[in-house]
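Q: Below is the structure I would like to discuss, written out as structure tokens.
The values are calculated or read from the model by the stated rules, or taken from the named source; none is laboratory data. It should be emphasised that the depicted structure is a prediction, and the values quoted were computed from it without experimental measurement. Neighbour counts run over all protein chains shown; Cβ positions are idealised from the backbone, glycine included. Just the protein is used for accessible areas: all its heavy atoms, side chains included, with ligands, DNA and RNA removed. Shrake-Rupley method; radii C 1.70, N 1.55, O 1.52, S 1.80 Å.
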Amino acid sequence: MRLSRRDLMKSASALTAAVSAVELGHVPSAQAEEKFTVASTGGSWQEGIRQAFVEAPGLEAKFKSPIAFSGQIESVAVSKILAQPDNPPYSVSSHGDPEAILLADKGCLRSFDDSVMANYNNLFDAARLPPRAGLQAWYGSIVMLVWGLTYNTNEAAKPTSWQDMWNPKYRGKVGVPAYGWYGMMFLHQINRMLGGTEADVSKGLAALSDLVKKNDAVLLENADQTVTAFQREEIVIGPFFNGRTLGLQEKGIPVDIVYPSQSIVLGAGFVILKPTKFPEMANAMINATFTPEYQLIMSKRLRYPPANRTTVLPPDMAAMAINEKQLENTVRLDWVTINANRGENLERWNKQVLGG
């Protein structure tokens, strides 16, 4: 379960090389979009998308067209899209705010078709990104994700700050996300907590280097690995999602989540690639991701509250609701500045956090 620093360095170095190759125009073309193709993180997240937003609305039957799925972390999908923006391998691709903004600013996306996007305006304001790069309605979240601090209630005291992770009593039991997963965002959270800015992450890198090397933090590549680590008590404290934490609670795992200062509300939505050969199908699928009954399917599977504010939660799902008090400490990061420095910061992470 525990990944070595060498494994994480290898992964980070591969991603650095991919980003550099894209910038230099040295990435060979991936297979172009031959059928409607949905890109997203794999595992349980992809299966939720398949069930809730493809099978439930019957997209294949409606359009008489097969649907393919491509599973990888968001940063890898972005590198493939940027490598051939005029002929991408996907029709729609699932991303958080930073990757979506990067793709918009690079001119890779198209706006939604208002005539079929009946549910877009019913999303919470926090679940939508404003117009940018000539795009109007172009991004909305399928659920409400909050990135807070999860802890084992039997093995750890209720945290009051992200700095609790540096407590020596948790040595070897602290979870840290890999850079290519949500480590980039976590770096900026810690950097902001220490008084840094998105333009200079030196304080955050020094702190995370200390956490990994001195407190022997466990480096995690994705949500499923993090779930398993909490289940096996390989970690007892670490940043994680509200819905995933609720899912652990419902399995009897003694965990809870708090939202210290610098917690983040994240988008998790699909964008439409500008050159797609299936624009009608793409808009229909994305409208399904905003539809209350389909969002409820995803929420039941992964325990995140729906992003459509008109959705009525049944009694057995009431515990997943988020209230305003919980969101008081959340902040918005400057993703434009973060994206401008992501390659350089990845190299610094590779050297300072993962290096010997």
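Q: Explain nothing, just the number: dipole magnitude of region 25-105 about its Cα centre with +1 on each Lys and Arg Cβ and -1 on each Asp and Glu Cβ, in debye rounded to the nearest 20.
A: 280 debye
Q: Quick check: from the Cα gyration tensor, does region 245-356 come out rounded (a/c under 1.5), prolate or oblate?
A: oblate
Q: Here's another thing I want to ask about it. At R0 = 41 Å, how high is the FRET efficiency between Arg309 and Ala32 if r is their beta carbon distance? Nearest 0.05 is fine. Walk me through the numbers on the way to the answer.
A: Numbers: r = 38 Å, r/R0 = 0.92.
Efficiency, rounded to the nearest 0.05: 0.60.
Q: Given the Cα-Cα distance of Asp105 and Arg171 and 0.36 nm per residue of separation, how much length would full extension add, in nm?
A: 19.7 nm
Q: Follow-up question, since we're still on this one. What is the packing order of peptides 192-198, 56-62, taking the mean over residues of other C-beta atoms within 10 Å and listing the highest first?
A: Highest-to-lowest ranking by the protection proxy: 192-198, 56-62.
Q: Gap in Å between the Cα centre of region 278-310 and the Cα centre of region 62-79?
A: 16 Å
Q: Still on this model: Given H placed 1.01 Å from N in the peptide plane, which residues other than close sequence neighbours of Ala39 have an amide H under 5 Å from its amide H?
A: Result for Ala39 returns Ser70, Ser91, Val92, Ser93, Ser94.
Q: Also: With charges set only on the Cβ (+1 for Lys and Arg, -1 for Asp and Glu), what does the dipole of the chain come to about its Cα centre, in debye to the nearest 20?
A: Using only the charged Cβ atoms, the result is roughly 560 debye.
Q: Leaving out ligands and nucleic acids, note down the accessible area per residue over region 108-207 with a 1.4 angstrom probe, in whole Å².
A: 39 Å²
Q: Let a ≥ b ≥ c be the square roots of the eigenvalues of the Cα gyration tensor of region 103-229; is it rounded (a/c under 1.5), or, if not, prolate (a/b larger than b/c) or oblate?
A: Note, shape of region 103-229 comes out prolate.
Q: Apply the Karplus curve 6.51 cos²θ - 1.76 cosθ + 1.60, θ = phi - 60°, to the phi angles in region 74-90 and return the couplings in whole Hz, x for Gly and Pro.
A: Rounded to whole hertz, the list is 4, 5, 5, 4, 4, 4, 5, 5, 5, 5, 8, x, 8, 8, x, x, 10.
Q: Which of Gln72, Asn222, Gln295 sits closest to the plus end of the dipole of the chain, meaning its Cα is farthest towards the positive end, when Lys and Arg get +1 and Asp and Glu get -1 on the C-beta?
A: Asn222
Q: In deg cm²/dmol, rounded to 500, what helix-only [θ] at 222 nm does the chain give when every DSSP H run of at least 4 residues adds -39500 (n - 2.57) and the total is split over its residues? Before the final figure, lay out each step's value.
A: Values: 13 runs with 131 residues, N = 356.
Here the helix-only value at 222 nm equals -11000 deg cm²/dmol.
Q: If you don't mind, another one. Between Asp113 and Glu55, what is the label-to-label distance in nm when each label sits 7 Å out along the Cα-to-Cβ direction?
A: 2.6 nm
Q: Compute the Cα gyration tensor for the chain, then decide on rounded, prolate or oblate, letting a ≥ b ≥ c be the square roots of its eigenvalues: rounded whenever a/c is under 1.5, prolate when a/b is larger than b/c in the other cases, and oblate in all that remain. Write out the running numbers ahead of the final one.
A: Numbers: a/c = 1.75, a/b = 1.25, b/c = 1.40.
Here the chain falls in the oblate category.
Q: Using a Gaussian network model on the chain with a 10 Å cutoff between Cα atoms, which of Met281, Met185, Met317 fluctuates the most?
A: The residue with the greatest mean-square fluctuation here is Met317.
Q: Among the lysines, which have Cα under 18 Å from the Cα of Lys158 when same-chain residues fewer than 8 positions away are ignored?
A: Partners within reach: Lys169, Lys173, Lys325.
Q: Another question about this same structure. About its Cα centre, what dipole magnitude does region 209-266 give when the only charges are +1 on Lys and Arg Cβ and -1 on Asp and Glu Cβ, stated in debye to the nearest 20?
A: 60 debye
Q: Now a separate question. If packing is taken as the mean number of other Cβ atoms within 10 Å per residue, what is the order of 206-216, 233-243, 116-126, highest first?
A: Taking the mean over residues of other Cβ atoms within 10 Å, the ranking is 233-243, 206-216, 116-126.
Q: Something else: How many percent of DSSP beta bridges within the chain run antiparallel, rounded to 5?
A: 65 percent
Q: Now, a different point. Suppose a student asked you for the relative contact order of the chain, using Cα pairs under 8 Å spaced at least 6 residues apart; what percent would you report?
A: 28 percent
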